[in-house]
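Each reported figure results from applying straightforward, stated rules to the coordinates on display, with no laboratory input. Everything numeric in this text was worked out from a predicted model, so none of it was measured. All Cβ positions, glycine included, derive from the backbone under ideal geometry; neighbour counts span all protein chains shown.
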Amino acid sequence: MNDDNVSEFSELSLNGNEDIVYVNYESEKQMPDIMRLIQKDLSEPYSVYTYRYFIHNWPHLCFLVNDHFSQFSGPTTAMCGEKIIGAIVCKLDLHKKMVKRGYIAMLAVDENYRKRKIGSNLVIRAIKAMVRGDADEVVLETEITNKPALQLYENLGFVRDKRLFRYYLNGVDALRLKLWLK
Amino acid sequence: MEKNCESIANDTKFNWKEVTNEFIAATGELKLGELLHDEMFGLFEAMSAIEMMDPKMDAGMLCNRSKKVLNFDQALACGKLKVNNLTIEEQIGIIDDTCGCLITWLEGHSLAQTVFTNLYLHNPNAVEDKCIRAFSVVVLKLVAIVKDFVTKANVVEEEDIQPLYGFVMPCDYSDNKACAMIRDVEEEVQRKLKAIQKDSTKQNCSENDSEKYFQQENEQQLLLALYVRLKFFRLFFQSLILLKKEIFNKVQYKKLVVSANVEDIEKHLQQSSETFQFWQQTLSMGVQPDTNSDPDAHGDYPTIMGFEPLVNQRLLPPTFPRRVLMRTRKEAVNYIECLVSRLRHVCKVYDCSTFHSALDFFTDFSKSSSPSSCVLSRSILQLLYLPAPGLVFGVQPLSELLRETVRQFIKPPSLQTKSQIFANNSQAKEYIEVFFNHCARPMTSLLQISGHNRARQREKLAQALEELATLQDEAEKLDSFLNNISQKLDTPLSHMGYFSTWILYHILRVMIQYLLSGFELELYSTHEYPYIFWYLYEFLYGWMVSTLNRASNLIQEQESQNDQKGRGSKKSKAKKRKQKPHFRETLLNQAFQQLCGGYYKTVCAFKLQGKLKLPKAALNTDQIRHEHRFAAFNSVIAPPPVSYNQYKDMTEQMSLANRQNPNELYATACKCFQQAKILFENIPEPNEEICSCMKIAKTNYVVIKLLLSGHIGELKTYPEFDFSVDKVFPIIRIL
């Protein structure tokens, strides 16, 4: 897949999401928010080392979603700000010296912002960046019971490549999902 | 505990120095986001690093709670552990909870967090209670035997069983001594039971003392409950000892492929299975955990006297605390009951006289046993059949058995006993010998693959294809070499396609197994069904049927030639009445082919109607997915890999021919399902799997027929594929 094709990956429609902005990871200051967001949804704990391993090595493969909100707390005063409501953390390197493999390590969207294609758009952004890095394939693991995740990824062309027996600490099987790009 | 820490601190003199302030000051020199990062600190290190003292990550933190964790000696010293005068209820409770631990260990958890949470196992010699001491010794011996079996069979991966983490097993009794110990206790309990029975018959005369009568009745039930447990463990232990002898000390009995011990093993297992009914009925008799006074007794772990869930916490590797949900007493006994019946089945492997029957036995055992991942029974099956590499039952060289199997499969002229031409050609003889020696390893792999857990089998099947591809090349060369010789005979005869057909048969078996395993492991999305079923229907099953037909024809050709030679002999007439060779297997493959054809046409029709969920925002194409899905098949030459374009052309042609009309497709799907049903019905002696498939073919036929007749009307939702009857072939459901 070449760069011409990349432009074809258009983001899915974002109806009524004007205040939602997709940005690249910028600095360590965002780390606590990213960790808070991701930790909420994961069945397994990740240490700060895991986050740093990915984000410091591949900052360009980490994308965040900001919601710029304005809240009226009184007749005259308005509180404005932004908060991170979505994040994707990835890596890209050579696998078995053969294939350039992208890996989606973490994906999370704040539960108040779901069903708005924010997760899919984060994945598409990350994969576009991986394609620019000449990725052959993209993989990730998910619990076999996580139907929403399976639906999201399969809609993007991922297939279930492998079943990983008793993969998680809680004994649940995982599926390795794979998107072949070439 | 504090005492311990002090004594450790006193023994090795640490010189602690507070550096917090200096450390904080030093970090001031770093810029925002700057990280001191060692090159060697990769993903594995990052993932297994923990934040110390964080209870979610630091397994050691589980110990730092209000309740002290006591080991055997400490628990004994402070009176929390009894080593004598145990009540029968306590003995029963300890035995039943230990079973839960054993099963949980067999399901892939660490020994330290399961079996060895039982403190008695840490020091059985210090246990004065004869019953618990004997039981503890037997459990330790059992753990060691199971470990030996599993290690030797080597059909496990990290998710199947965990290493011992340096745990030293405190047991130095011989098998016989351990057996005698538990038998003594069993007999003592039996004597007590008899004494009570005698007593109670006497008492029948003076029935006024009803309270004493009730007490005796109660004690009798308890003793009986204890008795069946001891009896089970003695018999189970004895059968494993015999299996161990069978496997590890295999003696050559004058080349007789008969096991000396198998009858005894079967007898012991059969007797042990008689204990389950009463065992199940008496599960409530053992002491129960005291949930009021012990806050930890929440059911995850046994917490009755003698058990300390956290006693080995410090032995675990410094990773995240893996949660161990221990099996309940009821689950444990159910599991053991299934285990015993699996072991009894495994012993029937001695009936497999050919390699093909053994391979079928192995794959069926893996497919049908539940839970399929029982490491013990599948390891024992491997070891009974091949206790030493390349030696079937420890006596017959596998290469020899393979030669015999090929002789039956396709009757190559070169393997006919009468064929002097080949027997006298030393070079031909040698080449054949070498070929079968080369076959032994890949064929052993096929047996071993079926010993792994179902999820791992798939990737291993792909690897097996590579080995078989090499063998295929060699088989073809051998055939043409032998053909050169046989063409020069006075009555020239062909030797083409004998050995290579046999290898092709195995390649096709593996390819089919590989594709089907994707259904069982839930790897396919419905939008992939068209090309998966297409491959099975148009190619693999078709090739399989023609391969079996070729083998069958070659056998018949040989036989008719022999008949001509020996015309008039009575023998040849008797042969005529026999069924065509490979009749059953051919029929079965034809049935599966039609079944897959039915699915293929059905899903194509669904797709035409927009009723197959497709990836709407796909970042790759159907072609790319197709090519990678079948990539494992690229390693073999025959059958040749089929390209995506062929699939596309054939499917489009079919749709065009049907004028884009789904009804035509439904009509042909119906025919396929009906054909499949008829074929399945004609298979002699159908097993459970065939019966399910018959039912599935019939149901699908009816569903599609209804769809065709318009009784259902327009499809409103996506049809569903229901795998509850069979893990591979679904029932189609229209909602």
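Rounded, prolate or oblate, given the Cα gyration tensor of the protein assembly as shown, with a/c below 1.5 counting as rounded?
Oblate, since a/c reaches 1.5 and b/c is not below a/b.
Per DSSP H run of n ≥ 4, the term is -39500 (n - 2.57); total these for the protein assembly as shown, divide by its residue number, and report the mean residue ellipticity at 222 nm rounded to 500 deg cm²/dmol. Please report the intermediate quantities before stating the final value.
On the way: 31 runs with 476 residues, N = 917.
That comes out to -17000 deg cm²/dmol.
What are the ³J(HN,Hα) couplings of the range B:627-639, residue after residue, when phi is run through the Karplus curve with 6.51, -1.76, 1.60 and θ = phi - 60°? Round to Hz, x for glycine and proline.
4, 6, 4, 9, 4, 4, 7, 5, 6, 9, 8, 10, x
Which shape class applies to the range B:352-523: rounded if a/c is under 1.5, otherwise prolate when a/b exceeds b/c and oblate if not, where a ≥ b ≥ c are the square roots of the Cα gyration tensor eigenvalues?
Since a/c reaches 1.5 and a/b is larger than b/c, the shape of the range B:352-523 is classed as prolate.
Can you compute the FRET efficiency between B:LYS477 and B:ASN218 using 1/(1 + (r/R0)^6), with r the Cβ-Cβ distance and R0 = 60 Å? Round to the nearest 0.05.
Taking R0 as 60 Å, the efficiency between B:LYS477 and B:ASN218 is 0.20.
Averaged over B:625-631, how many beta carbons belonging to a partner chain fall within 10 Å of each residue's beta carbon? Walk me through the numbers on the way to the answer.
Values: counts 6, 1, 2, 7, 3, 0, 1.
Mean shielding count: 3.
Give the long-range amide H neighbours of A:ASN146: residues separated by 5 or more places, or on another chain, with amide H under 5 Å away, using H modelled in the peptide plane at 1.01 Å from N.
Amide H to amide H, under 5 Å and 5 or more residues apart or across chains, A:ASN146 pairs with nothing.
Relative to the longest principal axis of the C-alpha atoms of chain B, give the angle of the C-alpha long axis of helix B:688-709, reported between 0 and 90° and rounded to the nearest 10°.
It works out to around 60 degrees.
Can you put B:MET52, A:MET130 in order of Cβ neighbours within 10 angstrom, beginning with the fewest?
B:MET52, A:MET130
How many nm is it between the label spots at B:CYS78 and B:TYR718, if each spot is 7 Å from the Cα in line with the beta carbon?
5.8 nm
Rounded, prolate or oblate: which one fits the range B:609-735, using the alpha carbon gyration tensor with axes a ≥ b ≥ c (rounded when a/c is under 1.5, else prolate when a/b beats b/c, else oblate)?
Since a/c reaches 1.5 but b/c is at least a/b, the shape of the range B:609-735 is classed as oblate.
Mind checking the dipole of the range B:352-523: about its Cα centre, +1 per Lys or Arg Cβ, -1 per Asp or Glu Cβ, Debye to the nearest 20?
The dipole of the range B:352-523 has a size of about 260 debye.
How large is ³J(HN,Hα), in whole Hz, for each residue of the range B:516-530 in order, when computed from phi with the Karplus curve 6.51 cos²θ - 1.76 cosθ + 1.60 and θ = phi - 60°, using x for Gly and Pro?
Using θ = phi - 60°, the values come out as 5, 4, x, 5, 4, 8, 6, 8, 9, 7, 4, 5, 8, 3, x Hz.
Taking the Cα centre as origin and putting +1 on Lys and Arg beta-carbons and -1 on Asp and Glu beta-carbons, what dipole magnitude results for the protein assembly as shown, to the nearest 20 debye?
Value, rounded to 20: 3680 debye.
Whose amide H sits under 5 Å from the amide H of B:ALA388, counting only residues 5 or more places off or on another chain, with H placed in the peptide plane?
Under 5 Å from the amide H of B:ALA388 lie the amide H atoms of B:GLY394, each far enough along the sequence or on another chain.
Looking only at other chains, what is the average number of their beta-carbon atoms within 10 angstrom of each beta-carbon in B:40-52?
Mean shielding by partner chains, rounded to a whole number: 4.
Using Cα atoms only, what is the angle between the long axis of helix B:130-153 and the major principal axis of chain B, expressed in degrees (0 to 90) to the nearest 10?
Approximately 30 degrees, to the nearest 10.
When N is the residue count of chain B, what does its C-alpha Rg come to as a fraction of 2.2 N^0.38 Å?
1.20
Go ahead and run the numbers for FRET between B:ILE196 and B:PHE44, Cβ-Cβ distance against an R0 of 41 Å, rounding to 0.05. Walk me through the numbers on the way to the answer.
Values: r = 62 Å, r/R0 = 1.50.
After rounding to 0.05, the efficiency reads 0.10.
Would you tell me the mean number of C-beta atoms belonging to other protein chains that fall within 10 Å of each C-beta in B:611-622, as a whole number?
6
Using +1 at the C-beta of Lys and Arg and -1 at the C-beta of Asp and Glu, which of A:VAL131, A:TRP58, B:GLY710 has the Cα lying farthest in the positive direction of the dipole of the protein assembly as shown?
The residue sitting most towards the positive pole is B:GLY710.
Given +1 on the Cβ of Lys and Arg, -1 on the Cβ of Asp and Glu, and no further charges, what dipole in debye does chain B carry about its Cα centre, rounded to the nearest 20?
That gives chain B a dipole magnitude of about 3420 debye.
Just grab the label-to-label distance for B:SER174 and B:MET61, each label 7 Å out from Cα along the Cβ direction, in nm (one decimal).
Once both label points are built, they end up 5.2 nm from each other.
Order of B:118-131, B:622-635 by packing, highest average Cβ count within 10 Å first? Don't jump to the answer; show the numbers that get you there.
Numbers: B:118-131: 20.0, B:622-635: 18.2.
Top of the packing list down: B:118-131, B:622-635.
How many angstrom lie between the C-alpha centres of the range B:328-383 and the range B:410-488?
If we compute the Cα centre of each part, the gap is 28 Å.
Can you list the HN-Hα couplings for the range A:126-137, worked out from phi with the Karplus curve (6.51, -1.76, 1.60; θ = phi - 60°), rounded to whole Hz and with x for Gly and Pro?
5, 5, 4, 5, 5, 4, 4, x, 6, 5, 8, 7
According to a simple spin-label model (label point 7 Å from Cα along Cα-to-Cβ), what is the distance in nm between A:TYR49 and A:TYR168?
Using points 7 Å along Cα→Cβ, the separation is 2.3 nm.
Of the peptides B:597-605, B:528-536, how do they stack up when ordered by the mean number of other Cβ atoms within 10 Å, highest first?
Sorting B:597-605, B:528-536 by mean packing, highest first, produces B:597-605, B:528-536.
So between B:ASP264 and B:GLU688, what do we pick up on full extension, going 0.36 nm a residue minus the alpha carbon distance? Could you put the intermediate results ahead of the total?
Values: separation 424, 0.36 × 424 = 152.64 nm, distance 2.93 nm.
Going from the current span to full extension adds 149.7 nm.
Would you mind checking the tilt of helix B:375-385 against the longest principal axis of the Cα atoms of chain B, expressed as 0 to 90 degrees and rounded to 10?
Helix B:375-385 sits at roughly 50 degrees to that axis.
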